[in-house]
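Take a look at the structure below.
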Amino acid sequence: MDNSKRPTIANVYRGTFIHSTQQTALQILEDELLGVDTDGKIAFTGRGVELDRLSQTFGFSPNEVIQLAQHEFFMPGLVDTHIHACQYSYAGTALDMPLLQWLETYTFPVESHFKDLQFAHKVYSQVVKRTLRNGTTTACYFASLHTDASLLLGQIANNFGQRALVGKVCMDRNDSVKHYKETNQESQEETCRFIAELLKKKYPLVRPVVTPRFAVSCTEALLGQLGAIAKNNNLHIQSHISENLEEIKLVKEMFPDSESYTDVYLKHNLLTDKTVMAHGCYLSDEELVVFRETGASLAHCPNSNISMCSGMLNVRNVLNHNVKLGLGTDVAGGYSASMLDAVRRALDTSKVLTIQNPEYETLSFQEVFRLATLGGSQALSLDDQTGNFEVGKDFDALRVNVAAPGGPIDLLQGEDPKTILEKFLNLGDDRNIAEVFVAGRKVVPFTEPATE
Ligand code: GUN
Ligand code: FE
């Protein structure tokens, strides 16, 4: 290799790597070498037996190679495509109501507290730490209406080294909790201020995302303005769609000129290849075609869908329509902030659909593993940067130790790597996640950031 083009290698790892590709849900690479350059990118991968050649080509010493232990493997970091950072304050509670009542009774009153920056700091630090520790290397966050608190979430994610999309929530319609809404002008101006100030920080891994809460809480005027803001600044967009039957009925009444829920967003230029919409439990095949054509994606949030008795997404049908799909925790509609829980609930939901209809082709754990990693990165249009161990992508990875002392998994019969992954997905927790890397930087275990 031409020395002038050669990346400087920061770290080389050797051991088992498990990831997904476009072609295969599960690729297991045993005794593999992976080199990370000083920019945190994957510089090379190769077989262990190629060590001498690779060390000469890339200019590293074989002595510096970090060898994984038996029962350890690397997998790509988990991608949470939908999580409400402010709702983490009541995660694990308030699971006894359907969506619209739940929003009025629990959510809006709690979110209105995030004008208090001290409270916001406390909750946002905890949610970033909790998700990172559980292997979420990329999170797509809803914050609250408050611009300064939303900027603080961006700062905290940056300080802890998490890759994040952060959205200041927009809503200029809310009849239930009077003080928790904005005027149309405020929503527009504060969104522009949020975007400008967050971009000005030049955080390498944190980006703003335009965030109309959902059609019900926005006027047509605001939806149109937010579509334009996203387009003019080439930004990501996130919202909710077709989560619960009562909500869908309300959207029909509120937007009588639109053919469908999807049409409401389409009309206002909110469906693009950088859009992620949560839920979509009740989307028709025609609506899924619109998703495919626009490149918009879905965040499947099975814990939330079950906890709030919202519905069950037919993931197989979404995949058959070639719509991009990732998994989300949807804290606090979903009670767990861990993407491992999202994996399990996605499998459970798929099995319930098979119980109801034996013709339904249940998702395999390999497929759900892909959704939680590569699928999520595609859903967020970040798959040029993360999602698997392709050379040129950032090294976002979990070092998993399935046999962690005191951990939840017992290995008893010389399990192979595929079985070890399956055990981790079904039985593992943060005790098994020995280290977390984002863009090559070790972010777990934490080294307390100097400033926040
Ligand atoms: N739809 C509008 N807002 C919300 C929210 O905060 N959580 C969920 N699950 N759905 C929503
Ligand atoms: Fe949500």
Residue count, the stretch 198-250, condition more than 15 Å from ligand 1 (Cβ to nearest atom) and more than 19 Å from SER187 (Cβ to Cβ), comes to 9
Report task. Please verify whether the stretch 340-348 includes one or more residues that are within 14 Å of the chain's Cα centre (by Cα), touching a residue at least 60 places away in the same chain (Cβ under 8 Å), surrounded by 20 or more Cβ atoms within 10 Å (Cβ to Cβ) and within 16 Å of ligand 2 (Cβ to nearest atom). Result -> yes
Expected single match for within 16 Å of ligand 1 (Cβ to nearest atom) and either hydroxyl-bearing (Ser, Thr, Tyr) or surrounded by 19 or more Cβ atoms within 10 Å (Cβ to Cβ) (or both) among LEU99, LEU54 is LEU99
Counted residues in the stretch 106-124 being within 15 Å of ligand 1 (Cβ to nearest atom) and more than 18 Å from PHE142 (Cβ to Cβ) come to 0
Those residues of the stretch 154-170 which are away from ligand 1 (no atom under 15 Å from the Cβ) and of a type in the set (A, V, I, L, M, F, W, C) amount to ILE156, ALA157, PHE160, ALA164, LEU165, VAL166
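Conditions (1) away from ligand 1 (no atom under 16 Å from the Cβ); (2) at pLDDT below 95; (3) among the small types (Gly, Ala, Ser); (4) surrounded by 22 or more Cβ atoms within 10 Å (Cβ to Cβ), marked per residue:
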| position | (1), (2), (3), (4) |
| --- | --- |
| LYS267 | yes, no, no, no |
| LEU270 | no, no, no, yes |
| ILE306 | no, no, no, no |
| ASN314 | yes, no, no, no |
| PRO358 | yes, no, no, no |
Considering residues that are touching a residue at least 12 places away in the same chain (Cβ under 8 Å) and either crowded, with 18+ Cβ neighbours inside 10 Å or not in a loop (DSSP other than H, G, I, E, B) (or both), the number found within the stretch 408-427 is 11
Fill in: Test: THR329 is within 16 Å of ligand 2 (Cβ to nearest atom), buried (at least 19 other Cβ atoms within 10 Å of the Cβ), among the hydroxyl-bearing types (Ser, Thr, Tyr) and part of a loop (DSSP other than H, G, I, E, B)
yes
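The values are calculated or read from the model by the stated rules, or taken from the named source; none is laboratory data. All of these numbers come straight from a predicted model, not from anything done at the bench. Backbone-built Cβ (ideal geometry, glycine too); neighbour counts: all protein chains shown.
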